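First comes the structure, then the notes that go with it.
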Amino acid sequence: MNLRTLYYLLPPKMRLLARKVYYLPEDTYLKVSGKKKRMVPDKGDIYIGSGDFIEQGIHHLDLLRKYAGLKKDHEILDIGCGIGRSAVALTNFLNNEGKYEGFDVVEKGIKWCKKNISSIFSNFNFHYIPLKNDLYTTAGKRPEEFIFPYHDNRFDVVFLFSVFTHMQESETDHYLHEIYRVLKQGGTCLATFFIFNEKEEKYISESNSFSFPFKKEGYRLMDQNVKSANVAFNEQHILNIIKDKGFKITNIVNGYWKNIDNKNELTDFQDIIIMNK
């Protein structure tokens, strides 16, 4: 049993606490030694992915500029903004005409963002939305019932890093509907997924250390008990769902989660789908 499996055995609140305890010695050392970086949360508070916090944020910004055509004066929506990894990088990119909105289901991430980002950059707004997700929280309403608190045709760019990888199909379907609604005509959505085709299915279900052994209709799960732990969609299945919402798919950038040799500065661990309204 690996650490990831043990982590998923814990209830949602205990997962956040376990990470806090695990990184407490390192976080304490960084503070005492004066090596704690500005605009970087404690490692024990970073519940979104791995890797260097600042470098990952800059990488996200590079992907948004390359594939979503992000401009300095755009109005953008960061769905699942977490504890501000992308937002911190964007503070050095957006100008005064640009506007950022972000929301997340984990309250402590939003509190950190308001204290450390919104207090300095008035064009950056963050919202805590209590929604059920068995990886992070059991509180709140069902994601399928959540209407984004933004008017129609508002945003130039909407993006989601590692959000659809933690959502069930019905939730993903609803979020895509809402994304289409709040995007401007001609606007772009960049979203990451785990996607697979028939040739890759056997490999990701059996051979890969990062595997999805539980098969469902159109998708696979990493953990049967924590269904939002990680979700991989059959490629054609998710593309059909996206197209049914009215989007035009303009690019698919394969991630390196299935093939480490595919790693470069213009790829991500997860697969990227670019869709336009």
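Structural remarks
- Beta bridges per DSSP, both residues in the chain: antiparallel share near 45 percent.
- Rounded to the nearest 500, the helix-only mean residue ellipticity at 222 nm of the chain stands at -9000 deg cm²/dmol, with each DSSP H run of n ≥ 4 adding -39,500 (n - 2.57).
- Basic side chains Lys and Arg get +1 at the Cβ, acidic Asp and Glu get -1 at the Cβ, and with that the dipole of the stretch 51-276 about its Cα centre reaches some 360 debye.
- Within the stretch 99-254, percent of DSSP bridges classed antiparallel, to nearest 5: 30 percent
- Pairs from Lys216/Lys277; Lys227/Lys277; Lys216/Lys243; Lys215/Lys263; Lys35/Lys115 whose Cα-Cα separation, in the structure shown, is over 24 Å: Lys216/Lys277; Lys227/Lys277; Lys215/Lys263
- Each of Phe247, Ser209, Asn230 was scored by the projection of its Cα onto the charge dipole of the stretch 184-277, and the greatest displacement toward the positive side belongs to Phe247; charges sit on the C-beta of Lys, Arg, Asp and Glu.
- The listed peptides 51-59, 102-110, ordered by packing as a protection proxy, come out as 102-110, 51-59 (highest mean of other Cβ atoms within 10 Å first).
- Note: relative contact order over the stretch 154-277, using C-alpha pairs below 8 Å and six or more positions apart, is 29 percent.
- Estimated from the Cβ-Cβ distance and a Förster radius of 51 angstrom, the FRET efficiency linking Glu206 and Lys111 is about 0.80.
- Annotation: peptides 117-125, 79-87, ranked by per-residue average of other Cβ atoms within 10 Å with the highest first, follow the order 79-87, 117-125.
- Tail fraction, Cα-Cα pairs, the chain, threshold 27 Å, whole percent: 38 percent
- Binning the alpha carbon pair distances of the stretch 76-156 at 10 angstrom intervals from zero yields the distribution 18, 49, 28, 5, expressed in whole percent.
None of the figures in this text is laboratory data; all of them are computed from the coordinates on show. In this text, all values refer to a predicted model and were calculated from it rather than measured experimentally. Heads up, the Cβs are rebuilt from the backbone with ideal geometry, glycines too, and the neighbour counts pull from every protein chain shown.
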